[in-house]
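Below is one structure, written out as structure tokens; comments come after it.
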Amino acid sequence: MNRTVKIVSLSMAATVGLAGCTMGPEPERPTTAADVGERFVHASEEVTVADLPEVSPWWRTFGDETTVELVELALANNTDLRAAAARVLEAEASLKKAGGARLPQVGYGLNATEQRNSFVLPEIGRRDIESTTYSYNFNVSWQADLFGRLKRTQQSQWASLLAEEAAREAVVHAVVASVVRARVLVATAAWALDINREITRSWEATTRTVDRRYRAGVAGAVELHLARENLASARASEAVIEGALEQARLALDVLVGRRPGSAEMLPDTLPQLPDLDPVPLGLPAALLDRRPDLRRAEMQLEAATFGVGAAIANLYPDLSLTGSIGENGDTINDLDISNFVYNIVANLTGPLFTGGQRRADVAAARARAEQAAAVYAGEVLEALREVEEALVLSDTSFESFELTTERVAEARAADRLAKERYQRGVEGLLTVLETERRLRLAEQAIISNTSDVWNTRIDLFLALGGDWGTDPDPEQPEPMTSSEPLPEDESSSTRVESQTVNCQLSTVDSEKGSLCQTKPSKA
């Protein structure tokens with residue numbers, strides 16, 4: 001017993017001496033294209049580059065209560081958001097499992113054994129012996145994380161959890177944008193339907209005029225057939241637009257999580273254009289924290305970096321300590337302190353030759369980290385492109401809208417004058433047909449331009465990671481700051497689906513706390 005106690009004591013001393021020994025690199029945010037510029041290339045001079053407020057519900061800036069209600073419905077009922085939240089819960093469970101592996105494992109056992117032995121004794125003959133034994137025990141095992149393999153695994157799972165939370169937030173942004181786009185599509189389709197109905201009514205009046213002139217012998221049969229053809233074309237276009245409008249409504253129903261076709265008609269409250277005040281852009285480097293897709297890529301890089309440490313630690317020995325205590329006896333009444341039994345085992349195991357498998361695991365882990373770093377840098381470049389593109393299109397789409405508005409006014413004046421002159425017999429029907437065609441093209445262009453102005457503003461909000469130009473929601477509490485260390489056995493005690501974690505993990509250890517800021521999620 002004294003030797004066993006000595007072995008255990010030496011093992012515990014070695015464990016304490018090696019505590020805090022962690023293998024592998026610490027994650028660092030790489031320098032990317034977002035860090036080398038102080039402003040966006042296509043940013044106008046009137047935008048602010050500092051003192052950005054917290055991200056707020058940017059869809060409220062459009063001034064449409066129906067849009068706000070639709071977004072709230074989607075955040076509560078959208079199936080993609082539910083799936084994303086479930087993935088966060090799965091990552092949370094994986095983190096808790098990784099944290100539990102670093103704690104002692106306690107179990108128990110109850111045994112009842114009945115045994116019969118038969119054997120032959122010299123000069124006595126065959127004899128049968130029956131015996132019954134009872135026992136119970138409690139056992140404890142602990143994996144001493146000498147080189148930080150379990151710690152690195154837990155850190156990797158924590159980074160993966162943050163990545164899934166950022167992915168859930170990215171889904172929130174995408175769903176909100178899809179709802180607003182669908183709302184714009186429904187409104188512009190309804191507008192197009194109203195315009196087409198006006199064109200149909202105009203051609204009905206023109207056809208009646210041509211028919212009267214034909215009966216009076218002033219117009220020929222060709223003019224009558226052309227007028228009827230244009231009237232049929234306008235009615236056909238009306239049917240097509242009605243179908244597209246209904247399709248847009250059905251798609252919107254799915255986005256907000258309700259049965260397609262069950263919603264009431266949306267009110268025509270959407271303004272022709274959104275609020276086009278300049279949006280403060282901030283520094284390009286601010287995108288790294290604002291955009292959830294970039295945070296997700298960075299957390300995936302951190303998880304891969306921690307994985308390198310776990311693979312390196314796997315090259316070194318593992319120390320496990322196990323022990324059990326209990327009692328046994330021939331009857332249940334014999335289970336008392338006089339039959340007390342125990343055992344203590346210290347087990348040190350390590351690889352000698354594995355055919356290079358473990359070193360191959362290290363090389364693969366390093367390659368995954370390099371891949372994650374390249375993906376992160378690529379996503380930063382793509383984010384910068386999206387911002388610059390949104391800035392360019394925001395200006396060009398509004399300029400095109402203004403010019404198209406002038407075009408529509410001139411086309412309407414020409415169409416009205418041509419029809420008046422035709423009724424007086426001064427102008428031919430071909431001129432009326434041409435002015436009508438140009439008016440229809442101009443009306444279609446103004447609808448398309450209006451949709452482009454809306455969508456480019458939505459694209460700008462998405463590219464920037466939210467609306468940086470409005471005050472925070474007054475009902476939203478201020479972010480909380482916590483400097484408490486992350487307990488190894490309670491690492492996932494806070495429900496992650498109700499918070500957005502905005503922090504960078506440097507360590508997950510009871511000896512070194514991490515400073516994180518959290519804010520309630522809108523989902």
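The values are calculated or read from the model by the stated rules, or taken from the named source; none is laboratory data. Just so it is clear, the structure is predicted and the values come from calculations on it, not from any experiment. Cβ coordinates were reconstructed from backbone atoms using ideal geometry, including for glycine residues, and neighbour counts include every protein chain displayed. Just so you know, the surface numbers come from the protein's heavy atoms only, side chains and all, with ligands and any DNA or RNA stripped out. Shrake-Rupley method; radii C 1.70, N 1.55, O 1.52, S 1.80 Å.
Please work out which one of (1) touching a residue at least 24 places away in the same chain (Cβ under 8 Å); (2) assigned to a loop (DSSP other than H, G, I, E, B); (3) among the hydroxyl-bearing types (Ser, Thr, Tyr) is the condition Thr354 fails and give its number.
Here Thr354 meets the rest and fails (1).
How many of the residues in the stretch 262-298 are open to solvent by 50 Å² or more (accessible area, probe 1.4 Å) and free of Cβ contacts under 8 Å to residues at least 60 places away in the same chain?
3
Give all pairs with beta carbons closer than 9 Å in which a residue from the stretch 231-251 that is farther than 19 Å from Thr67 by Cβ and open to solvent by less than 50 Å² (accessible area, probe 1.4 Å) meets a residue that is outside any helix (DSSP H, G or I) and among the charged types (D, E, K, R); count only pairs at least 6 apart in sequence or on separate chains.
none
Could you list, in sequence order, all residues of the stretch 202-227 that are in contact with a helix residue (DSSP H, G or I) (Cβ under 7 Å, 6 or more places away or on another chain), of a type in the set (D, E, K, R) and modelled with pLDDT under 85?
The one that is in contact with a helix residue (DSSP H, G or I) (Cβ under 7 Å, 6 or more places away or on another chain), of a type in the set (D, E, K, R) and modelled with pLDDT under 85: Glu223.
Taking Arg259 and the conditions (1) touching a residue at least 12 places away in the same chain (Cβ under 8 Å); (2) open to solvent by 50 Å² or more (accessible area, probe 1.4 Å); (3) not hydrophobic (A, V, I, L, M, F, W, C), which numbered condition does it fall short on, given that it satisfies the others?
(1)
Residue check, Ala216 against (1) among the small types (Gly, Ala, Ser); (2) more than 30 Å from Leu439 (Cα to Cα); (3) open to solvent by 70 Å² or more (accessible area, probe 1.4 Å), all met but one. Which one?
It fails just one condition, (2).
Residues checked against (1) farther than 25 Å from Ala83 by Cβ; (2) in contact with a strand residue (DSSP E or B) (Cβ under 7 Å, 6 or more places away or on another chain):
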{"position": "Glu165", "(1), (2)": "no, yes"}
{"position": "Val176", "(1), (2)": "no, no"}
{"position": "Asn196", "(1), (2)": "yes, no"}
{"position": "Ser202", "(1), (2)": "yes, no"}
{"position": "Asp211", "(1), (2)": "yes, no"}
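Against the conditions (1) under 30 Å from Ser141 (Cβ atoms); (2) surrounded by 13 or more Cβ atoms within 10 Å (Cβ to Cβ), where does Tyr376 fall short? Just the number, please.
(1)
Mind checking which residues of the stretch 73-113 are under 29 Å from Tyr342 (Cβ atoms), open to solvent by 50 Å² or more (accessible area, probe 1.4 Å) and either of a type outside the set (S, T, N, Q) or in a helix (DSSP H, G or I) (or both)?
Leu103, Pro104, Val106, Tyr108, Leu110, Ala112
Go through (1) open to solvent by 90 Å² or more (accessible area, probe 1.4 Å); (2) more than 30 Å from Asn328 (Cβ to Cβ) and name the single condition Pro57 misses.
(1)
Could you list, ordered by first residue, the pairs with Cβ atoms under 7 Å in which the first is in the stretch 301-329 and without any contact (Cβ under 8 Å) to a residue 60 or more places away in the chain and surrounded by 23 or more Cβ atoms within 10 Å (Cβ to Cβ) and the second is in a strand (DSSP E or B) and of a type outside the set (Ser, Thr, Tyr), at least 6 apart or interchain?
Close Cβ pairs (under 7 Å, with a partner that is in a strand (DSSP E or B) and of a type outside the set (Ser, Thr, Tyr)) do not exist here.
Being open to solvent by less than 40 Å² (accessible area, probe 1.4 Å) and either more than 37 Å from the chain's Cα centre (by Cα) or within 30 Å of Ala313 (Cβ to Cβ) (or both), is that true of even one residue in the stretch 388-410?
Yes, the conditions are met somewhere in the stretch 388-410.
For Glu370, state whether it is open to solvent by 50 Å² or more (accessible area, probe 1.4 Å), closer than 30 Å to Ser451 by Cα and assigned to a helix (DSSP H, G or I). Steps first, answer last, please.
Numbers: open to solvent by 50 Å² or more (accessible area, probe 1.4 Å): yes; closer than 30 Å to Ser451 by Cα: no; assigned to a helix (DSSP H, G or I): yes.
No: the conditions fail for Glu370.
Considering only residues of the stretch 114-171 that are aliphatic (A, V, I, L, M) and assigned to a loop (DSSP other than H, G, I, E, B), which is most open to solvent (accessible area, probe 1.4 Å)?
Our first condition is that a residue be aliphatic (A, V, I, L, M); within the stretch 114-171, this holds for 120-121, 124, 129, 140, 144, 146, 150, 159, 161-163, 166-167, 170-171.
Right, trim to assigned to a loop (DSSP other than H, G, I, E, B) and you get 124, 146.
Values: Ile124: 94, Leu146: 15 Å².
Going through the qualifying residues, I end up with Ile124.
Determine which single condition Glu246 fails, assuming it passes every other condition in (1) over 30 Å from Ala76 (Cβ atoms); (2) modelled with pLDDT of 90 or more.
(1)
State yes or no: is Val68 at pLDDT 85 or above and either more than 18 Å from the chain's Cα centre (by Cα) or open to solvent by 40 Å² or more (accessible area, probe 1.4 Å) (or both)? Before you say what the answer is, go through the steps one by one.
Numbers: at pLDDT 85 or above: yes; either more than 18 Å from the chain's Cα centre (by Cα) or open to solvent by 40 Å² or more (accessible area, probe 1.4 Å) (or both): yes.
Yes, satisfied.
With respect to the numbered conditions (1) on the phi > 0 side of the Ramachandran plot; (2) crowded, with 18+ Cβ neighbours inside 10 Å, which one is the sole condition not fulfilled by Asp415?
All conditions are met except number (1).
Look through Arg457, Arg440, Arg421 and report the one residue that is part of a helix (DSSP H, G or I) and surrounded by fewer than 18 Cβ atoms within 10 Å (Cβ to Cβ).
On the way: Arg457 fails: surrounded by fewer than 18 Cβ atoms within 10 Å (Cβ to Cβ); Arg440 fails: surrounded by fewer than 18 Cβ atoms within 10 Å (Cβ to Cβ).
So the residue among Arg457, Arg440, Arg421 that is part of a helix (DSSP H, G or I) and surrounded by fewer than 18 Cβ atoms within 10 Å (Cβ to Cβ) is Arg421.
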